[in-house]
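**Student:** For reference, the structure I am asking about is given below.
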Amino acid sequence: MLKRIILILLTLLFSSCAVNQKKVEIETKETINEELLSHIRYILYLFNSEDLKTLNDIYINKDFGYFDVSLDELSNKIVVEKRAYLEEIDNFIESFDIENREIFFNCSPYNDAFYGWSENGTFIFEAKSNYLENYQSNNTKELDNFIKKVKNSSFEVIATYNTIFYITKIDKKYYITLIDNYKTDCQNALIQAF
């Protein structure tokens, strides 16, 4: 009887591991089209409605999760954490009109007039975060390469004064694959200025 229970537990353990290791197929980046923009508008609506449940159910891939990128203020280094679901969101969305152009966040330690976004609103463009391209972690080389693949297959969406996220097509569906809290963190710029 004890052998049978152990066998059942081992079977459950190995079958649950197999489910968690499902291969995620990141698709090649397409052009910006109405289907993609419609998904982004719905994501923005869910942010505005503070609907974490629907965001997690529809736009966070259960097998992949997403990467959260931030600056570790103690070490002043980029931290990339893999997370399974969104835990909090900001509900302020300035505009649901999505413009296709790149904008920039300016960190100015000397003059507040130069601090902030170059424009306000919601913007989409090809992900170009160079710090992700050069990112080397303590993780496996496979995970580092996967992060770079996400960057190269995604569009960056910036809702100023709210969030920066990457949207990627995985297994024929759009998902949030990265939340960028690094781009607007001026701690790094302040340290370099002094």
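The values are calculated or read from the model by the stated rules, or taken from the named source; none is laboratory data. Please read these numbers as outputs of a predicted model, since none were measured by experiment. Here the Cβ is made from the backbone with ideal geometry for all residues, glycine too, and neighbour counts use every protein chain on show. Note: accessible area is taken over every heavy atom of the protein model, side chains too, but ligands, DNA and RNA are not part of it. Shrake-Rupley method; radii C 1.70, N 1.55, O 1.52, S 1.80 Å.
**Student:** I'd like the full set of residues that are modelled with pLDDT of 90 or more and closer than 21 Å to F155 by Cβ, limited to the stretch 69-95.
**Tutor:** R83, L86
**Student:** Additional query: Open to solvent by less than 70 Å² (accessible area, probe 1.4 Å) and either modelled with pLDDT of 80 or more or hydrophobic (A, V, I, L, M, F, W, C) (or both), is that true of N162?
**Tutor:** Spelling it out, N162 is indeed open to solvent by less than 70 Å² (accessible area, probe 1.4 Å) and either modelled with pLDDT of 80 or more or hydrophobic (A, V, I, L, M, F, W, C) (or both).
**Student:** Return the residues of the stretch 98-115 that are over 14 Å from A159 (Cβ atoms) and open to solvent by less than 40 Å² (accessible area, probe 1.4 Å); say none if nothing qualifies.
**Tutor:** S108
**Student:** Contact list please: Cβ distance under 7 Å, first residue in the stretch 38-58 and assigned to a loop (DSSP other than H, G, I, E, B), second residue β-branched (V, I, T) and surrounded by 15 or more Cβ atoms within 10 Å (Cβ to Cβ), pairs at least six apart or on different chains.
**Tutor:** E50/I89
**Student:** Can you tell me which residue in the stretch 4-58 is surrounded by the most Cβ atoms within 10 Å (Cβ to Cβ), limited to those that are among the polar types (S, T, N, Q) and modelled with pLDDT of 95 or more?
**Tutor:** Within the stretch 4-58, the subset among the polar types (S, T, N, Q) is 11, 15-16, 20-21, 28, 31, 33, 38, 48-49, 54, 56.
Imposing the further condition that a residue be modelled with pLDDT of 95 or more reduces the set to 38, 54, 56.
Values: S38: 12, T54: 13, N56: 18.
Only one residue tops the list, namely N56.
**Student:** Any idea which residue in the stretch 70-88 is most open to solvent (accessible area, probe 1.4 Å), counting only those that are of a type in the set (D, E) and not in a strand (DSSP E or B)? Break it down stepwise before answering.
**Tutor:** Within the stretch 70-88, the first condition is being of a type in the set (D, E), and the residues that meet it are 72-73, 81, 87-88.
Narrowing further to those that are not in a strand (DSSP E or B): 73, 87-88.
Values: E73: 118, E87: 128, E88: 153 Å².
Within the stretch 70-88, the match that is most open to solvent (accessible area, probe 1.4 Å) is E88.
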